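Asks: Got a structure here, written out as C-alpha cells. Questions coming.
The values are calculated or read from the model by the stated rules, or taken from the named source; none is laboratory data. All of these numbers come straight from a predicted model, not from anything done at the bench. Virtual Cβ from ideal backbone geometry, glycine too; neighbours counted across all protein chains shown.
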Amino acid sequence: MPVSDANALLGAGDTALASPAPRMEVRGLDAFFGKVHAVKDVSMAIPEHRVTAIIGPSGCGKSTFLRTLNRMHETIPTAYIRGTVHLDGEDIYAPGVDAVSVRRHVGMVFQRPTAFPTMSIRGNVAAGLGVLRAVGERFDVEERVEEALRRAALWDEVKDRLDASALGLSGGQQQRLCIARALAMEPGVLLLDEPTASLDPISTEKVEALVHQLRDGVTVVIVTHNMEQAARVSDQTAFFLHGEMVELSPTSDLFTRPRDSRTEAYITGRFG
Amino acid sequence: MSTGLSARTSLRRRFVNGFMLSLTWIAAVLATLPLLFVLFYLLEKGVTSLNWAFFTHLPHPPSMPGGGAANAIVGTLVIVAGASVLGVPVGIGAGIYLAERKGAPLAVFVRFLADVLNGLPSIVMGIFAWELVVVPMGHFSALAGALALGAMMIPTVTRTTEEMVRVVPSPLREAALALGYTQWRTSLRIVLPTALAGILTGVLVALARIAGETAPLLFTAFGNDFWSLSMNQPIAALPLQIFNYAISPYDDWHAQAWAGALVLIALVLVISLLARAATRSGFARASE
Ligand SMILES: Nc1ncnc2c1ncn2[C@@H]1O[C@H](COP(=O)(O)OP(=O)(O)O)[C@@H](O)[C@H]1O
Ligand SMILES: [Mg+2]
C-alpha cells in the first residue's frame, strides 16, 4: 500500500511518522467471541521501526485487537474476525496462510511471565528455534541465544547460569527472558500485552527502556493501561473505548492535544 | 439467662464434637489394621523361608527340598515391563487427548469407557487377552499376560494424565502457540514435560496395582517352572507362583508361598514409595 494512504490513517500534521512504510496494515477489523463483538471496525497502520501503544480502559478490546495481529485470537473456540490484516503487504488471514507461520513472524509477550518451567534459561530462549529449523532455516543456536539475550538486556545477568532453571529468575528477569525468547525468532513485529502489569517499578523501568531500544530492530505494538508508560515508550498511540478505536495520533499529540473529547476525558482522568 | 443457655449449648456441642472426633479416630485406626495385620503376618511367616536361594534358584520339584523363585521374580518384572510398554503410551496419549479435547463426543465416550475399564474385574481382562492372543497363537505366553495387565494400566494412566495435563497453566500453552508451535508440538514439548511428575505418579500407581494381579495371568502367562525371558513363551510370575504353591499339599511349598508374598508386597511398597517421591518432586517444582 502506498505510504500516503498510511499517513492518512495516521492523521494529519505528523512529520515524524511520515517516512517509515507500514509494517502492518489493519482494515475494517471486527473481532468476535461468539456473539460478543469485542473489536469494532478498527483500521490502523503500524509503521516500521516505531512503537505503537494501545491504551484504554479495561475490557475495551486492547488484548483482543492485539491477538488478531498474530492470529492468536482464533485459538479460542467460537472466536473469529472480519476484515483484513496485512503484514509486509501480505494478508495474514488470506486462505492458505498458515496461522502457525504468521506467529513465527509476529512475536508476542504476555501480561505475566510465561517462562517454560521445565526448561533452562538457554532452553527457554531457544524454545522456538526448533520450529525455525523445522522449516529449513539454518543458524547457530548459541549465537542466536546470546544475541536475543543481549537485545533483551538480560545477557549480563544470566550469562553465567544459562543452564539453570528459568524459574530461579525474578519476575522482571523472567519477563525479559520471554522477550528474548520472542526476539530469538527474529520477528518483524513484537506484540507486548501489558508486559509490566505484574512487575515492580524497577523491573518496569528496565522493560520500558528495553522497548524503546528495540524499535531499531523490530516493530513494536504495546498494550498498556498505564498512560505514562504509553507516553514514555511509544511513537504513536491508539485510544480504544468499548471495542472502537476512538483516536490514533502521534503520542505527543494524543496526550497534549487530543482530537476527540472522549480521549481527552480519558487522559485527564474524567472517566467511568 | 441467655448466657447460661449458650454455655449449656456450647458444652453439648463440645461433647458431640469430641465424640464424633473419637469415632473418626477409631475408623482411621481400623482402616490401617488390615494392612498392619497382613504386614505383620507376612513378616512372621515369610522371613523364615526367605533366603538367598529364593532369589537365585529355580523351583525344585516337591520331592527335593529348597529351590527358589528366581524365574518368577524375573518373570514378574518382564510381564510388568511388557505391560508398561503397551499400556503407558496408550494411556498417556489418550489422557492428552481427553485434556485437550475436553467436550468432544469422542472424549466423553473415551472417558466413560476408561471409567468402566477401571471397574472391570481383572479376570475379565485375562479372558480378553486369552481371546486376543492365546487363542490365535495356540499357546500361553508372556505377551498375553503383558497385554492383560497393560490394558488394566490404561484407565489409571489415562485419567491421571488428563488431570495433570489440565492443571498445566493455559498461559504456558498460549506462549508456545505464540512462538509458532503447532498444537501437537505444544502438547508434546511444553505441556507433557510440565505435567510429567504427576503422570509418572499415575504410572507408578498403575504399576503397583497390576504387579500383584493373579487372575489375569492364570490363562495368559500361565506360569513356568523354568527360565524364560521370551515374550512368546509361557512365563513364571510371583503371584502365580504364590497361588500354585499355596494350593499345593507340601509344607515346603507353603513356606515358599509366604516368602513370595513378602517379596511381592515389598515390590509394591517400593513402587508406591517411588510414586510418592515423584509426586513430591512435582509439587516442589510447581511451588518454586
Ligand atoms: N475468551 C473470551 N471469551 C468471551 N469474551 C471475551 C474473552 N476474552 C475477552 N472477552 C471479552 O471481550 C472484550 C474485550 O476484552 P479484552 O480484549 O481482554 O479487553 P482489554 O484487554 O482491553 O482489557 C471484553 O468485553 C471481554 O469480556
Ligand atoms: Mg487485556
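Asks: With the requirement that a residue be away from every other protein chain (no Cβ under 11 Å) and either within 15 Å of the chain's Cα centre (by Cα) or not charged (D, E, K, R) (or both), what does the range A:151-168 give you? Outline the logic, then answer.
Replies: So the first thing to find is which residues in the range A:151-168 are away from every other protein chain (no Cβ under 11 Å), and the list is A:151-164.
Matches in the range A:151-168: A:Ala152, A:Ala153, A:Leu154, A:Trp155, A:Val158, A:Leu162, A:Ala164.
Asks: On to the next question. Where in the range A:12-115 are the strands (runs of 3 or more DSSP E), entirely inside, with at least 2 residues that are more than 16 Å from ligand 1 (Cβ to nearest atom)?
Replies: A:22-33, A:36-47, A:79-87, A:106-109
Asks: Only one of (1) modelled with pLDDT of 95 or more; (2) under 15 Å from the mean Cα position of the chain (by Cα) is not met by B:Val90, so which one is it?
Replies: Result: B:Val90 passes all but (2).
Asks: Then there's this: Within the range B:164-173, can you find the residues that are surrounded by 16 or more Cβ atoms within 10 Å (Cβ to Cβ) and either over 27 Å from A:Thr64 (Cβ atoms) or at the interface with chain A (Cβ under 7 Å from one of its Cβ atoms) (or both)?
Replies: B:Met164, B:Leu172
Asks: Sticking with this one: Based on what the data block shows, is B:Gln256 among the polar types (S, T, N, Q), surrounded by 15 or more Cβ atoms within 10 Å (Cβ to Cβ) and either assigned to a loop (DSSP other than H, G, I, E, B) or under 17 Å from the mean Cα position of the chain (by Cα) (or both)?
Replies: no
Asks: Would you be able to tell me the number of residues in the range B:188-241 that are surrounded by fewer than 23 Cβ atoms within 10 Å (Cβ to Cβ), of a type in the set (S, T, N, Q) and under 20 Å from the mean Cα position of the chain (by Cα)?
Replies: 2
Asks: If the requirement is being within 14 Å of chain B (Cβ to nearest Cβ) and within 16 Å of ligand 2 (Cβ to nearest atom), which of these qualifies: A:Arg71, A:Arg67, A:Arg133, A:Arg103?
Replies: Just one listed residue meets the conditions, A:Arg67.
Asks: Could you say which residue among B:Leu143, B:Leu196, B:Leu177 is closer than 27 Å to B:Ile79 by Cβ and within 13 Å of chain A (Cβ to nearest Cβ)? Reasoning before the result, please.
Replies: On the way: B:Leu143 fails: within 13 Å of chain A (Cβ to nearest Cβ); B:Leu177 fails: closer than 27 Å to B:Ile79 by Cβ.
Just a single option satisfies the conditions, and that option is B:Leu196.
Asks: Looking only at the range A:198-223, count every residue that is within 16 Å of ligand 2 (Cβ to nearest atom) and either more than 13 Å from chain B (Cβ to nearest Cβ) or buried (at least 24 other Cβ atoms within 10 Å of the Cβ) (or both) and tell me the total. Write out each step before concluding.
Replies: Here is the first cut: in the range A:198-223, the residues within 16 Å of ligand 2 (Cβ to nearest atom) are A:198-199, A:221-223.
Of the ones still in play, those that are also either more than 13 Å from chain B (Cβ to nearest Cβ) or buried (at least 24 other Cβ atoms within 10 Å of the Cβ) (or both) are A:199, A:221-223.
So the count comes out to 4.
Asks: Name the residues in the range B:95-152 that are loosely packed, with under 12 Cβ neighbours inside 10 Å, hydrophobic (A, V, I, L, M, F, W, C) and over 20 Å from the mean Cα position of the chain (by Cα), would you?
Replies: Correct list: B:Leu106, B:Phe109, B:Phe112, B:Val135.
Asks: If you don't mind, there's one more thing I want to ask. Tell me which of these B:Val191 doesn't satisfy, since it passes every other one: (1) within 14 Å of chain A (Cβ to nearest Cβ); (2) in contact with a strand residue (DSSP E or B) (Cβ under 7 Å, 6 or more places away or on another chain); (3) not polar (S, T, N, Q).
Replies: The failed condition is (2).
Asks: Identify all residues within the range A:231-243 that are within 16 Å of ligand 2 (Cβ to nearest atom) and more than 15 Å from A:Ile46 (Cα to Cα); write none if there are none.
Replies: Once the filter is applied, which keeps residues that are within 16 Å of ligand 2 (Cβ to nearest atom) and more than 15 Å from A:Ile46 (Cα to Cα), the range A:231-243 yields A:Phe240, A:Leu241, A:His242, A:Gly243.
Asks: Any residue in the range A:74-88 that's more than 14 Å from every other protein chain (Cβ to nearest Cβ): show its pairings with residues that are of a type in the set (S, T, N, Q) at Cβ separation under 6 Å, as long as the two are six or more apart or on different chains.
Replies: That search, which allows pairs on different chains as well, returns A:Ile81/A:Thr68.
Asks: Restricting attention to the range A:245-262, which residues are in a strand (DSSP E or B) and either among the hydroxyl-bearing types (Ser, Thr, Tyr) or within 16 Å of ligand 2 (Cβ to nearest atom) (or both)?
Replies: Going residue by residue through the range A:245-262, those that are in a strand (DSSP E or B) are A:245-250.
Hits for the range A:245-262 are A:Met245, A:Ser249.
Asks: Further question: Does A:Thr118 fit the bill of being assigned to a strand (DSSP E or B), over 30 Å from A:Glu228 (Cα atoms) and either out of contact with any helix residue (DSSP H, G or I) (no Cβ under 9 Å at 6 or more places or on another chain) or away from ligand 1 (no atom under 13 Å from the Cβ) (or both)?
Replies: Criteria not met by A:Thr118.
Asks: Across the range A:207-230, what is the total count of residues that are assigned to a helix (DSSP H, G or I) and more than 16 Å from ligand 1 (Cβ to nearest atom)?
Replies: So the answer is 9.
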